[in-house]
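Q: Please read through the structure below; I'll follow up with questions.
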Amino acid sequence: MILSQTCVFKSILQHGRCFTRSRFSEKALVSKFTSAPLSSGAIHRAQSSFTGGVERTLVAVKPDGVQRRYVGQIIQRFEKRGFKLVGLKMLQASDGLLSQHYRELVKKPFYPNLVDYMTSGPVVAMVWEGLNVVQSSRRMVGPTNPAEAPAGTVRGDLSLHVSRNVVHASDSVEGAEREIQLWFEGKELLNWECYDHSLTYKEDK
Ligand code: DAT
Ligand code: MG
């Protein structure tokens, strides 16, 4: 019964035909991550039939975003764009985690304030997956300084000052790989099949 309902649902999505999973372009996409050594939290540019790379990135709602109850809105932006949530947790970040996460900033004069801010309450950390998700999420989040962030970006819409800029997003594929490994264990990242995948990705001929 469940199988036939799934088939009907897929059938609708595939314009009336009941394809097996092998017909989904997503199979290539999902299988790359399935075969990836997720226990190490590794990220891979999957060789898909799409232009560009299927990537994973770390997005985190910072303590000000959690306190101001923006978690849902921020998740919704990524869902609406078409990205797939593969990891999600709320945690209290430790000084040690932050010193690794912000290792390039530890000597900056603002670093102590940054740690105070980032440890002032819970953070909601997420891993999002999709085509060019690293660059796209940076654009969705906006520049570091909210004063320079255009309206329509998370920071441009929800924040005013660089010291309270609501959200984090990895700034490169390599940075994303490193940060995902820092914040998540491999078993916390799930490979799952989006049934609407063929509506957000088109297989190149
Ligand atoms: P981003 O978060 O856009 O990747 P970043 O990695 O340069 O920016 O800096 C990390 C965080 O550090 C940033 O989100 C807010 C804080 N920060 C950066 N520059 C700052 C500054 N000049 N004054 C206060 N906080 C700053
Ligand atoms: Mg950064």
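Q: Using only Cα atoms, what Kirkwood radius does the stretch 67-137 have, in angstroms?
A: On the way: mean 1/r = 0.0721 Å⁻¹.
For the stretch 67-137, the Kirkwood estimate is 13.9 Å.
Q: Also, quick follow-up: On a straight-distance basis, which aspartates and glutamates could pair with Lys202 in a cross-link, Cα separation under 12 angstrom, same-chain partners fewer than 8 positions away excluded?
A: Straight-distance partners of Lys202: Glu26.
Q: Could you work out the mean projected area of the convex hull around the alpha carbons of the stretch 158-201, in square nanometres to one decimal? Write out the running numbers ahead of the final one.
A: Numbers: hull surface 21.7 nm².
One quarter of the hull surface, i.e. the mean projection, equals 5.4 nm².
Bear in mind that the values in this text are calculations on the coordinates, not laboratory data. Just so we're clear, the structure is a prediction, and the values are computed from it rather than from any experiment.
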